[in-house]
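Please treat every number below as a calculation from the coordinates, not as lab data. The model shown is predicted, which means the values in this text are computed figures rather than measured ones. Cβ atoms come from the backbone with ideal geometry, glycine included; neighbour counts cover every protein chain shown.
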Amino acid sequence: MGWRDEGRRRGRRYPEELDARLEAVRSSSPRRGARGPKRRPRRRRKSPVVPLFLAAVLLISLLYGGYRLVDAAFGGGEEAAEEPVTVVVEQGDTLGSVAEKLDEAGLISSSSLFELEARVGGSATEIKPGEYQFEPGQDGEEILAALSSGETGSTYEVVIPEGLTLEQTARKVAEQGGVTAEEFEAAARKKDYGYAFLDDSAIETTEGFLFPKKYEFQNDASAEQIVDRLLQQYLMETQSLDFAATEERLNLTEYEILTTASLIEKEAASPEEQPMIASVIYNRIRARMPLQVDATILYALGESKERLSLDDLEVDSPYNTYKNAGLPPGPIASPGRGAIQAALEPSETEYLYYVLKPGGGEHFFTDDYDEFLEAKAEAEEER
């Protein structure tokens, strides 16, 4: 067993001792505070902080036999990464949470060792937010240096707005990034990315899960890595949402809730309207009425139109919600978090109809069919 392996073994074997030493270093770190009023100079006394800090460092050195702590901490663990790994450091992340992300990614063998080295080396408060990509086996000092400097490497930004289809997302990535639309689309039509939310047998592609957001990617990122990052963001954005309660209350799966959210995203004129649109969709389903959502027709046609013709409404597609009852077989776009939240928590209304008012800024809602027809006629007259 080499000295590097011995360091890792110790880190796993003595977690309590390691945590105690880490806590000692944490407590000995100087805290910044507001400056008080100037006081009369006093005779200097020896601060107990310095001996405590030196004692902690000495104990660390003794515990690890004088070996370089950084090498033991940063070597990959038993499930070390085999491919380049992207680690996202969010604004507000602590050194400890960043260390845990690196540990989970297989880039380091011990989050506690990593944090300890960063604090001993004076980098505890220098970790900067960003989207970093690290190579397996990358030198530990390089990892810490990158996190401290904020240098994420050669990158480009991609902005994906809400309501884009898989194909539209592919074109948006191709316009701003380093992969072709064909490459992205091929990657997005696979679902073997290891996420539980893609396990539903009804799911055939990642349509709907490509979360809209502003992203930063390495120039050499593959289409699969980009798709995986978007799926990771979906997981991050929705992990705190209570899907289980809505699934039980409405007898819907997560995939069906996401499908509903995609309809809401395309139909609502504003974020404030989203819970109202959700209520109409659920009310119509309960009343066994066809949803008659124009956006599903456009998805079936694969094109954008301001107005649908009667022939358009006859399109032969499972996404034709004029001819087929219930929800379409899957999402028609990737919804934002607000639309997903609305699908989970719809407004409590009796509304069954809505019509876009002249100007396009809001909808008129009603549960009366005659009022709906009247509002629809007025809207068409204004066009």
Scalar couplings 3J(HN,Hα) for the stretch 88-99 by Karplus 6.51 cos²θ - 1.76 cosθ + 1.60 (θ = phi - 60°), nearest whole Hz, x for Gly and Pro, are 9, 9, 7, 4, x, 4, 8, 4, x, 5, 5, 4
Where nothing but the Cβ of Lys and Arg (+1) and of Asp and Glu (-1) is charged, how large is the charge dipole of the stretch 243-382 around its Cα centre, in debye to the nearest 20?
540
Dipole size in debye (nearest 20) for the stretch 155-238 around its Cα centre, Lys and Arg Cβ +1, Asp and Glu Cβ -1?
160
Just to be sure I understand: if I project the alpha-carbon convex hull of the stretch 220-262 onto a plane and average over all orientations, what area do I get in nm²?
3.6
Within 10 Å, count the other beta carbons around each residue, average over each peptide in 246-258, 99-111, and list them highest first.
99-111, 246-258
Quick one: what are the phi-derived ³J(HN,Hα) couplings along the stretch 269-277, Karplus 6.51/-1.76/1.60 with θ = phi - 60°, whole Hz, x for glycine and proline?
7, 7, x, 5, 7, 4, x, 5, 4
Taking 0.36 nm per residue of separation and subtracting the Cα-Cα distance, what length does fully extending residue 196 through residue 356 add?
53.8 nm
Using a basic spin-label model with each label point 7 Å from the Cα along Cα→Cβ, how many nm lie between residue 145 and residue 171?
4.4
Å³ per residue enclosed by the Cα convex hull of the stretch 155-238
84
Mind listing the long-range amide H neighbours of residue 353? Cut-off is under 5 Å, sequence gap 5 or more, other chains count too, H placed in the peptide plane at 1.01 Å from N.
366
Under a crude label model (7 Å from the Cα following the beta-carbon direction), how far is residue 324 from residue 370 in nanometres?
3.6
Scan around residue 93 for amide H atoms under 5 Å from its own, H built in the peptide plane at 1.01 Å from N, and keep only partners 5 or more places away or cross-chain.
none
3J(HN,Hα) from dihedral phi, the stretch 182-192, Karplus parametrisation 6.51/-1.76/1.60, rounded to Hz, x for glycine, proline
5, 5, 5, 4, 4, 5, 6, 8, 9, 10, 8
Kindly flag which residue pairs out of 190/214; 305/376; 214/357; 213/376 have an alpha-carbon separation exceeding 26 Å in this structure.
214/357; 213/376
Quick one: which residues, 5 or more positions from residue 133 or on another chain, have an amide H under 5 Å from its amide H? H modelled 1.01 Å from N in the peptide plane, none for Pro or chain starts.
87
Dipole of the stretch 155-238, positive direction: furthest Cα of 226, 169, 158, with charges on the beta-carbon:
158
